[in-house]
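This report refers to the structure that appears directly beneath it.
The values are calculated or read from the model by the stated rules, or taken from the named source; none is laboratory data. The shown structure was predicted, so the numbers you read here are calculated from the model rather than taken from an experiment. Because the Cβ atoms are built from the backbone with ideal geometry, glycine has one as well, and the counts that use them run over all protein chains shown. Accessible surface is based on the protein model in full, side chains and every heavy atom, while ligands, DNA and RNA are left aside. Shrake-Rupley method; radii C 1.70, N 1.55, O 1.52, S 1.80 Å.
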Amino acid sequence: MSLSQLLFGRLSAKRLPHLPLQFTSAKRNVRLLNYSTTAMGNLYDVVVIGGGPVGLTLTTTLRSSSVTSHLKVALVEGMDLGLSRGWKPNEGEYSNRVSSLTPGSVGFLTDIGAWHHVNRARVQSYTDMKVWDGISGARIHFAWGASPTTTTSGTIAYMTENINLTHGLISRLDELGGVEILDKTRMQGITTGEDNGTVDLSEWPLTARLLVGADGANSPVRVFAGVEARGWDYGRYGVVATLRLQPNKGGDGFEDELGQKPVQKTAYQRFLPTGPIAFLPLPGDFATLVWSTTPQNAAFLKSLSSAEFVALVNAAFRLTPTDLKYYETYQEGLVEDIAWRESEVSVDSTLVPPRVIGVQEGTVASFPLKMRHADTYIGERIALVGDAAHTIHPLAGQGLNQGLSDAQSLVRAIEHAVLHGQDIGARLSLESYVSERYTANHVMLGVVDKLHKLYGTDTAPIVALRSLGLSVVDKLGPLKSFFMKQAAGI
């Protein structure tokens, strides 16, 4: 008797490939058998592992498509999705887990009906972005109005809290219905069965024709599939925080002469030798900070008082890299010393962010930066999306946008298989997804990686060359417009 007969034994079925998986939960035991028919009630066409923004988007897209809406779909997530479903934000407080969405991504979310459920009052678009070299001062200004070709909205990107997005996606899923959501459920193990013509599915609450890993950078689904993820750690940490800003009449548009708060805002990014620091606007007098720096400086930043942290953030956009390096180990009188140094430096206020006056309590945090790319995005009856397939440096704000594009592409592949009577879990049906997304993601990973390395040095010849290149691109409207279109996903 074979292993599959010992495990499953009694129930007759067609000779089709299968893949047993096991999950555990605080509230239930969940086991999956990845199988290629839906003849039995506990068989699912697609099981998505991971209820983050990408997994939820994939599931929502499957349900909203007229081609795939009849498929039986389950979503498995380790965390409690009830927290996102019942999210009630406090006014004047923002999460430090914020993402940048391109117009292309927002268009996709609108098409599947999810953007309507996002709390738009907590979403901030920006129409300008100012980027400069912290050593040479060379600059580039991104704005659709400065290019020959403009979009209808002029928006470069939209900033939104991740929980706002997941709340919108879950609300849309609840509206659509028809998805089995198993939250607070974690994967325990995956084992491979054999196809011997007879299987007993009576003890397996879930089975699937296609298993999708949207389960993050340490994806258990990817590990099971035997797919290697290659890359490296940057030896850098990303420090994030929610900042409160000094109201600014006119200028950046935080408050005009009538006391109104216009929609238009500007994002800022300065490349320092230790990594870029980015200031990204949120609604009202708030912004989110993403500061890529050394592990030692990240720990130092997290150890500071609120006043010291605020002073150092302001200094990071105004003082020289030499001054900032001096402050990495500064102990006493930090606020006063920074104030004195800033008073001795002439800075054009139109070229730097509004001054930070506070940091929201409990929002200063850090995470290690790395680059990873899976060798492939598919296996037999398995597909990988989002961070399970690739991890990117945050300097370009493209991580979530890549994952949403993965979800969109994978659903297109599934739709094609359904329309042509193909097995949605077969490699042949999934190949179009890989060919469409792998090269695009690889190029983006490579460009961002090279930018990090290019700006991570203070060697004079390299500084001169990169500064020249930045200045040239800034003056070449069509070339700059091309880069903006690529980044905006349009």
Q) Taking segment 85-126 as the region of interest, how many residues are crowded, with 21+ Cβ neighbours inside 10 Å, more than 16 Å from the chain's Cα centre (by Cα) and β-branched (Val, Ile, Thr)? A) 2
Q: Search segment 420-432 for residues that are farther than 20 Å from Ala407 by Cβ and pair each with any residue that is in a loop (DSSP other than H, G, I, E, B) when their beta-carbon atoms are under 6 Å apart and the residues are at least 6 apart or on different chains.
A: Asp423/Ser36
Q.
I want to confirm something. Restricting to segment 367-392 and keeping residues that are modelled with pLDDT under 95 and assigned to a loop (DSSP other than H, G, I, E, B), which single residue is least open to solvent (accessible area, probe 1.4 Å)?
A. Arg381
**Q.** Residue ranges of strands (runs of 3 or more DSSP E) in segment 22-77 with at least 1 members in contact with a Lys or Arg (Cβ under 6 Å, 6 or more places away or on another chain) and at pLDDT below 95
**A.** 29-35, 43-49
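Restricting to segment 222-246, count the residues that are basic (Lys, Arg) and closer than 30 Å to Leu282 by Cα. Break it down into steps so the answer makes sense when it comes.
First, the residues of segment 222-246 that are basic (Lys, Arg): 222, 230, 236, 244.
Then keep just the ones that are closer than 30 Å to Leu282 by Cα; that gives 236, 244.
So the answer is 2.
Here are Lys261, Lys265: which of them is of a type in the set (Lys, Arg), modelled with pLDDT under 95 and open to solvent by less than 20 Å² (accessible area, probe 1.4 Å)? Before you say what the answer is, go through the steps one by one.
Values: Lys261 fails: open to solvent by less than 20 Å² (accessible area, probe 1.4 Å).
Answer to the check: Lys265.
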Q | Qualifying strands (runs of 3 or more DSSP E) (wholly inside segment 133-195; at least 3 residues being more than 20 Å from Pro281 (Cα to Cα) and at pLDDT 90 or above) | A | 179-182
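Among the residues of segment 340-384, write down those that are of a type in the set (Ser, Thr, Tyr) and either within 30 Å of Asp406 (Cβ to Cβ) or touching a residue at least 12 places away in the same chain (Cβ under 8 Å) (or both). Spell out the reasoning first.
Step one: filter segment 340-384 for residues of a type in the set (Ser, Thr, Tyr), giving 343, 346, 349-350, 363, 366, 376-377.
Hits for segment 340-384 are Ser349, Thr350, Thr363, Ser366, Thr376, Tyr377.
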(Q) Exactly one condition in (1) surrounded by 22 or more Cβ atoms within 10 Å (Cβ to Cβ); (2) touching a Leu at 6+ places or on another chain (Cβ under 6 Å) is false for Ser405; which is it? (A) (2)
Q: State whether the residues of segment 57-72 include one that is open to solvent by less than 30 Å² (accessible area, probe 1.4 Å), in contact with a strand residue (DSSP E or B) (Cβ under 8 Å, 6 or more places away or on another chain), touching a residue at least 60 places away in the same chain (Cβ under 8 Å) and small (Gly, Ala, Ser).
A: no
Q. Residues in segment 437-447 that are farther than 15 Å from Tyr377 by Cα and surrounded by fewer than 19 Cβ atoms within 10 Å (Cβ to Cβ): how many?
A. 3
Q) Identify, please: which residue in segment 96-143 is in contact with a helix residue (DSSP H, G or I) (Cβ under 7 Å, 6 or more places away or on another chain) and charged (D, E, K, R) and is, among those, nearest to Ala241 (Cα to Cα)? A) Arg97
Q) Which residue pairs have Cβ atoms closer than 8 Å, lie 6 or more positions apart in sequence or on different chains, and pair a first residue in segment 87-101 that is among the charged types (D, E, K, R) with a second residue that is open to solvent by less than 50 Å² (accessible area, probe 1.4 Å)? A) Glu93/Thr242; Glu93/Gln360; Arg97/Glu161; Arg97/Asn162; Arg97/Val240
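Taking segment 414-436 as the region of interest, how many residues are outside any helix (DSSP H, G or I), open to solvent by 50 Å² or more (accessible area, probe 1.4 Å) and under 24 Å from Thr60 (Cβ atoms)?
Here is the first cut: in segment 414-436, the ones outside any helix (DSSP H, G or I) are 420-426.
Retained after the next criterion (residues that are open to solvent by 50 Å² or more (accessible area, probe 1.4 Å)): 420-422.
Then keep just the ones that are under 24 Å from Thr60 (Cβ atoms); that gives 420, 422.
The number of residues fulfilling the criteria is 2.
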(Q) Being among the basic types (Lys, Arg), farther than 22 Å from Ala214 by Cα and open to solvent by less than 50 Å² (accessible area, probe 1.4 Å): is that true of Arg466 here? (A) yes
Q) In segment 393-402, which residues are open to solvent by less than 10 Å² (accessible area, probe 1.4 Å) and over 20 Å from Leu56 (Cβ atoms)? A) His393
Q.
The conditions are (1) closer than 30 Å to Val472 by Cβ; (2) among the basic types (Lys, Arg); (3) part of a loop (DSSP other than H, G, I, E, B), and Lys88 fails exactly one of them. Which is it?
A. (1)
Q) Do we have Trp204 as modelled with pLDDT under 90, under 30 Å from Ser349 (Cβ atoms) and surrounded by 15 or more Cβ atoms within 10 Å (Cβ to Cβ) here? A) no
